[in-house]
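The numbers here are math on the coordinates, done by the rules we state, and not lab data. Model, not experiment: these values are computed from the prediction. Ideal geometry is used to build each Cβ from the backbone, glycine not excepted, and the neighbour counts take in all protein chains shown.
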Amino acid sequence: MADFNPALSRRNLLAGAAAGGFGIMSSPLLAQPMVDLGLPGKPSRRPLTRAFPQKGEMILQRMRPPLLETPMEVFDKHILTPNDQFYVRWHWANIPESVDASSFRLTVRGHVDRTVELTLHDLLHGFEPIEYVAVNQCSGNSRGLFVPSVPGAEWGHGAMGNARWTGVRLRDVLGQAGVKAGAVDVRFGGLDEALVAEAPKFRKSLSVDHARDGEVMIAYAMNGEAMPLLNGFPLRLIVPGWYSTYWVKMLCDIEVLPGKDDNFWMAKAYQVPTTPFGDVPAGTSDYAKEPINKMVPRSLITNLAEGQKVTAGAPLMLSGIAMGGDCGVAKVEISTDGGKSWQLAALGEDLGPYSFRRFTHRLALPAGKGRITCRCTNTRGVSQPLGMNWNPGGYMRAGVETVTVMAGGKA
Ligand SMILES: Nc1nc2c(c(=O)[nH]1)N[C@H]1C(S)=C(S)[C@@H](COP(=O)(O)O)O[C@H]1N2
Ligand SMILES: [Mo]
């Protein structure tokens, strides 16, 4: 099959296999500028780092395994998050420092007619390529803002990113192996391993119907380039509209199962209440649970920081990003009176149902404290709740967010 996009030549994609060592992960941090994430009741100042391979300036949450957060201004500047500022999250620390593209194999096995081993060349030339834009958001994005607080990685809003993904349909790859009748789940594993043998390897599953919906993708490119090693080089799963815990990185193993996957990462971890927005009263621990799944609508103002000074009475142009979750954005509204009245914001270019959508809105604030709230409604008619949702895992934050600014006289 001919290359469908000259920028995605085989050479481009298969180069970059060696990302440079992670020696940094064991060396002490140099003095770094700090950033304030405004996390309630916590030491919220975090260092910015440029120390990770293929990554520009990121907020450092943890060195090993790396947790790197995208600074908010990146979302203000770009609707497609640049690869070198795309957030990073790994569960276990044993991550290959490089992957040899020529010897790499993706195995499809289990409840199939024949085990298949595919090279990157096979994937690039043996299947019809597909491409779409989709938001990758960690289930625990914004967890650090939960009140009362919950244990887990204390992310601000930057454990998400939006990229154009290119790859092949998981359905087509499964078709080559031949899924046997009676298949229930399809399980995915990557090249990363836990440091200790007793710890459960990170593995996630989708139902066989979801896996064969024609949208779930085995991606080999991100924004037109091979993906950074820390974002899953050379292959990762893309499950558009679903939280990123399913987007298995460095994907090397696909296993079709004749029963439900009951491994730790499906049956124990990443469970949310079955209620809308996974919301339960703060402190509740006894409720019906299910594995986290579809994303929900969100919106964030990106060009104003908490506490920023603005000029009273002067035109103020708001800018932000919205996402529909598992479908497109229908509208974004702005309120400056705590949700009593709402005004429609203008929407930017539509890059598809799974993408971020820019919104802008012009307003003028009277002197004093101004509270600006934004609310997204998706194309299924689901709106962000006005009260903040809560659950003990710190997952699925979805309530409307408010930025408080100080409107005063000209300086
Ligand atoms: N192989 C592998 N894939 C993984 C993970 C992991 O630990 N190992 N973490 C998942 C989780 S919970 C998240 S939030 C995303 C993070 O994707 P990113 O690092 O590309 O932003 O990867 C997912 N895929
Ligand atoms: Mo995550």
Set Lys55/Lys260; Lys55/Lys369; Lys77/Lys249; Lys77/Lys369; Lys268/Lys340, cut-off 32 Å on Cα-Cα distance; pairs above it are Lys55/Lys260; Lys55/Lys369; Lys268/Lys340
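Using Cβ contacts closer than 10 Å as the measure, can you line up Ile218, Ile321 from fewest to most?
Numbers: Ile218 24, Ile321 29.
Ranking Ile218, Ile321 by Cβ neighbours within 10 Å, fewest first, gives Ile218, Ile321.
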Taking r as the C-beta separation of Ala346 and Arg64 and R0 as 35 Å, the FRET efficiency to the nearest 0.05 is 0.20
Cα-based Debye curve of the stretch 1-269 sampled at q = 0.08, 0.10, 0.13 Å⁻¹ gives log₁₀ I(q)/I(0) of -0.32, -0.51, -0.86
In deg cm²/dmol, rounded to the nearest 500, the helical mean residue ellipticity at 222 nm of the chain, built from -39500 (n - 2.57) for every DSSP H run of length 4 or more, is -1500 deg cm²/dmol
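So what's the projected area for the stretch 85-153, the Cα convex hull averaged over all directions, in nm²?
Values: hull surface 34.4 nm².
Spelled out: convex hull of the Cα atoms, projected over all directions, averaged, 8.6 nm².
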A correct fewest-to-most ranking of Trp155, Trp390, Trp92, Trp265 by other Cβ atoms within 10 Å would be Trp92, Trp265, Trp390, Trp155
One can check that the equivalent ellipsoid of the stretch 298-408, built from the alpha-carbon gyration tensor with semi-axes equal to the square roots of five times its eigenvalues, has lengths in Å, largest first, of 24, 17, 11
Expressed in angstrom and ordered largest first, the alpha-carbon extents of the stretch 148-291 along the principal axes are 48, 37, 35
